[in-house]
Structures are given as structure tokens and as C-alpha cells.
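Peer 1: Encoded as C-alpha cells, here's the structure I'll be asking about.
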Amino acid sequence: MIDHLRIAEAQLRGRPRQTAIALASVGVGSAMLIVTLSLTTGLSEDFLKKTTESSAHVEVLARRPQGWKPEKLPLPGESVLALSRHHVPDEKRAIRALSGVLAALRSLPSVRVATPAVEAQAVLVYGTVRRSAALSGVVPEAERAVTSLDTKVVRGSWAALPGAPDGVILGSQLARALGVDVGSHLQAVGPDGGAVPLRVVGIVASGLSRVDKALALVNLPLAQGLAGLSTDQATTVRIALDDPLDAPAAARAAERRTGYVCRSWQEKNAASVDAFNRQNLITLALVFFTTLVAAFGVANVLVQLVADKRRDIAILRAAGFSRHDLAMIFLHEGVLLGLFGSAAGWLLGSALIRAVASIPVDFGESALMRNEHLQMAEHASFYVVALGVSVLICALAAVQPARRAASLEPTAILRGEH
């Protein structure tokens, strides 16, 4: 039985410089693919983590689904009907009968916490400085179970908010823009022009610019008063789930149960998620073309090998090697270059991941996310994908040289006609 692999290895060893160049090109391409997968996956995972830690998994909004109709109740012969008036245009949009909505949501199996909140746009005033903010009235104890913002307080204390009726926790960039710190007093002006005094009890750095630029957390009663709502009304209900990935299904179930529009965190952040996906695809496409360049290097080595070994190929054919045997030898050479090149790429890629992760970065306050270092992920699947792509591309690159070697006529070569 012919040992195609051993012959292929011997031929590659016979041209050490060209083989080393081919291995280096495959290794660099493989390493770049690993690093790119690490960077794109790390950024996506970091974005999803920060998003699910700083917002509710599902939000119940104060509006009805399109085409929603109240459920028809069976009426016995003698019935008393309670008629409610139509919506008045100047009436505040809110979730009403809040206690019943909360009870319905908490009965859903996937819901871990359901807590009311009042969200309203407000203008924060500190001296002559004015900044718009997303004022959120929450129940601080319940909010700790919905988000992880309590663990991201960089100054002050989350525990101070429940005991301070006028307390407010600000996002770090909003606090910097206002020029305030813990203990500062400011005013919040609501949509109707009403103003309430606030005292800063904490500052949060979530790592998401859109949160840190606009966050202003206050106690629920204060926000209800500023928005003109009663104690049994809210503009939203914030839901935390056992598994954040179940949010779309949980939102549909909550919408059927309450009759209000429910939005998952995936739907809320769909634009950002799509932008990440598009960016990842573009980056991977560029790296794939880099790997194709390595394939041309492999093809060049094998074509040159066929040209230099024509007489040896003729001798092998005369010794009884079939065209298939010759083709398999050169295909094995391509696979060997892919295997050993990707192995070198593994080592280089792993080292580059650690090197890139240690580089301090600062993209400025306008960046979508803020981190001290690039967030790199490292999964075994990255190395498996790099191995598979390298071997496949090198094997394909070896097809044409293998066909050329198999098509050579030994008698013509030995006579010196080629």
C-alpha cells in the first residue's frame, strides 16, 4: 500500500524555505481569523451583558397592541354592567389598575420579578446648567433584582436612595455634564413645568454611554407626583426573567395576559444588535480574504513543486504509481500545510488575544460602550473554525497542482520532450 502521507511530507521537507513561507502565511491567516472572532464575539458579549444588566428583560408599555379588543365576558340573565368613559385626550398615558397587572405578570412561570416604574423626560437644573435626562422612578429594593446597577455605583450608595425621598442616582456622564457630585442639590423640571428638588445620593457607571448620559433614578412616589400619576398608576412595568434569552417569548405571554404592549430587551436594542452583526460580518469577510491570500501562497508552492519535480513524478509513474496516487500526494501536501499552519496560528492567535486584551483603550464619551481594555472572548470553537477553514482552503488550493501532476505524461518527460 502506498504511503501518500509520508511521500508528501518528504517532498515538503525537500523545499524548506518555500514550505516555511507557506506555513507562515497560513499561520498568520489562521491567527487573524482567531483574533477577529475573539474581538467581535467579545464586543458582542460585552454589549449584551451590559445591556441585560442595566435594563429590564421585558418592559410593559402603557399602550394597547394594534387590533386589541377587550375580552367579552359571559353575562347571565340579570347582570350589572360597569361602564367606563372613553380615553380623554389630555389624560395621562399610564398603566392603570397596577396591582392587578402586577399580579397577572407575577403568575407567569418565567417571571422572576415584576416591579412598576415611571419614566419621563425631565430637565435637570444645577445653577445655570441644564441637561435633559431620562427620569426613572423605581422601587429601589425591587430594582436591584431587575438590574445590576446597584453594583455599578462608583460614588455614593445605592442603599441611601430608599431612605431619601428626594434622592437621585445619576449616570456618570450626566453627573459630569451637570458638574455635580454626591451631596449636590439640583432641580428636576417635568413635562408640565413642575419642579421638584433633588439631592444626589449616588453616581453609576454602567459602561453604556446611552445609560450613563441620561440616567436619573428616583423613588417611585416622587416620579409619580412629577408625572401627575396616582399611586396605582405607572408608565411601565419592568420584568426580570430567570433566563434573559427567553425575553421574546415572555413578552408575548405577558402581552396576552395584560393586554398591554410588551417589549423585550432584544426588540428595544434591535438597532444596536443589527449594527454589531453587520460589523462582525464585514470584519469576518475581510479576514476571510486574508486567508485566501494564504491559499495563493500554498498553491504557488505546490505549483512550483510540480514544476521542479516533473522528472521525479515521471519516475514514480514509471514505477507503478497511478494518476490517482500522484493527485493524492499533492492533496496531502496541501492538507499538511493547512494542519501545521493552523497549529502555528493557534499559538500566535492565543498570544495575540492576550496582548490585545492588555492594551488600554479610550474611545471617548461618544462611544457606544466604555471599557478600560478591549473585551476579548476566547472559546475552543474559534480554534476549531480556524483549523477547518485553513485545512479546507489549503486542500482546495492543492487541487489544481494535483490535477497538473496527475496529467503529466511520464514517457514524454523521460525523453526530454517537456
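Rundown of residues vs (1) aliphatic (A, V, I, L, M); (2) in a helix (DSSP H, G or I); (3) without any contact (Cβ under 8 Å) to a residue 24 or more places away in the chain, yes/no style:
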| residue | (1), (2), (3) |
| --- | --- |
| Thr19 | no, yes, no |
| Leu23 | yes, yes, no |
| Val26 | yes, yes, no |
| Gly29 | no, yes, no |
| Leu33 | yes, yes, no |
| Leu37 | yes, yes, no |
| Thr41 | no, yes, no |
| Thr52 | no, yes, no |
| Arg64 | no, no, no |
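Peer 1: Give Ala10, Ala22 a once-over and let me know the one that is closer than 30 Å to Val389 by Cβ, at pLDDT below 85, assigned by TED's automatic domain parsing to the domain that holds Val361 and surrounded by 20 or more Cβ atoms within 10 Å (Cβ to Cβ).
Peer 2: Ala22
Peer 1: Moving on to the next point. Inspect region 108-123 for any residue being at pLDDT below 75 and among the acidic types (Asp, Glu) and give the result as yes or no.
Peer 2: Checked region 108-123: no residue is at pLDDT below 75 and among the acidic types (Asp, Glu).
Peer 1: Further question on the same structure: Taking the residues in region 321-361 that are among the β-branched types (Val, Ile, Thr) and part of a helix (DSSP H, G or I) as candidates, determine which candidate is surrounded by the most Cβ atoms within 10 Å (Cβ to Cβ).
Peer 2: If we filter region 321-361 for residues that are among the β-branched types (Val, Ile, Thr), which is where we start, we get 329, 335, 353, 356, 359, 361.
Remaining after also requiring part of a helix (DSSP H, G or I): 329, 335, 353, 356.
Numbers: Ile329: 27, Val335: 18, Ile353: 22, Val356: 16.
Checking each candidate, the answer is Ile329.
Peer 1: Being in a helix (DSSP H, G or I), modelled with pLDDT under 90 and either within 11 Å of Leu124 (Cβ to Cβ) or among the hydroxyl-bearing types (Ser, Thr, Tyr) (or both), is that true of even one residue in region 191-203?
Peer 2: No, that holds for no residue.
Peer 1: Do you know which residues across region 275-320 are over 25 Å from Ala24 (Cα atoms), of a type in the set (Gly, Ala, Ser) and part of a helix (DSSP H, G or I)? I'd like the intermediate steps shown before the answer.
Peer 2: Looking only at region 275-320, we keep the residues that are over 25 Å from Ala24 (Cα atoms), and these are 275-281, 310-320.
Those left that are additionally of a type in the set (Gly, Ala, Ser): 275, 314, 318-320.
Matches in region 275-320: Ala275, Ala314, Ala318.
Peer 1: Residues that are of a type in the set (Ser, Thr, Tyr), in a loop (DSSP other than H, G, I, E, B) and either within 17 Å of Thr235 (Cα to Cα) or free of Cβ contacts under 8 Å to residues at least 12 places away in the same chain (or both): does region 98-105 have at least one? Please lay out each step first, then the result.
Peer 2: First pass over region 98-105, keeping only residues of a type in the set (Ser, Thr, Tyr): 99.
Filter once more, keeping what is in a loop (DSSP other than H, G, I, E, B): none.
The answer is no, given that none of the residues of region 98-105 is of a type in the set (Ser, Thr, Tyr), in a loop (DSSP other than H, G, I, E, B) and either within 17 Å of Thr235 (Cα to Cα) or free of Cβ contacts under 8 Å to residues at least 12 places away in the same chain (or both).
Peer 1: Right, something else. Condition check: within 30 Å of Val139 (Cβ to Cβ), exposed (fewer than 14 other Cβ atoms within 10 Å of the Cβ) and free of Cβ contacts under 8 Å to residues at least 40 places away in the same chain. Does Ala271 satisfy that? Show your work before the answer.
Peer 2: Numbers: within 30 Å of Val139 (Cβ to Cβ): yes; exposed (fewer than 14 other Cβ atoms within 10 Å of the Cβ): yes; free of Cβ contacts under 8 Å to residues at least 40 places away in the same chain: yes.
Yes, satisfied.
Peer 1: Identify, please: which residue in region 175-210 is without any contact (Cβ under 8 Å) to a residue 40 or more places away in the chain and under 30 Å from Leu48 (Cβ atoms) and is, among those, surrounded by the fewest Cβ atoms within 10 Å (Cβ to Cβ)?
Peer 2: Here the answer is Arg176.
Peer 1: While we're on this one: Of the residues Ala240, Ala318, which single one is in contact with a Ser or Thr (Cβ under 9 Å, 6 or more places away or on another chain) and within 20 Å of Leu102 (Cβ to Cβ)? Explain how you work it out, then say what you get.
Peer 2: Working: Ala318 fails: within 20 Å of Leu102 (Cβ to Cβ).
Exactly one of Ala240, Ala318 is in contact with a Ser or Thr (Cβ under 9 Å, 6 or more places away or on another chain) and within 20 Å of Leu102 (Cβ to Cβ), namely Ala240.
The values are calculated or read from the model by the stated rules, or taken from the named source; none is laboratory data. Just so you know, these numbers come straight off a predicted model, no measurement behind them. Heads up, the Cβs are rebuilt from the backbone with ideal geometry, glycines too, and the neighbour counts pull from every protein chain shown.
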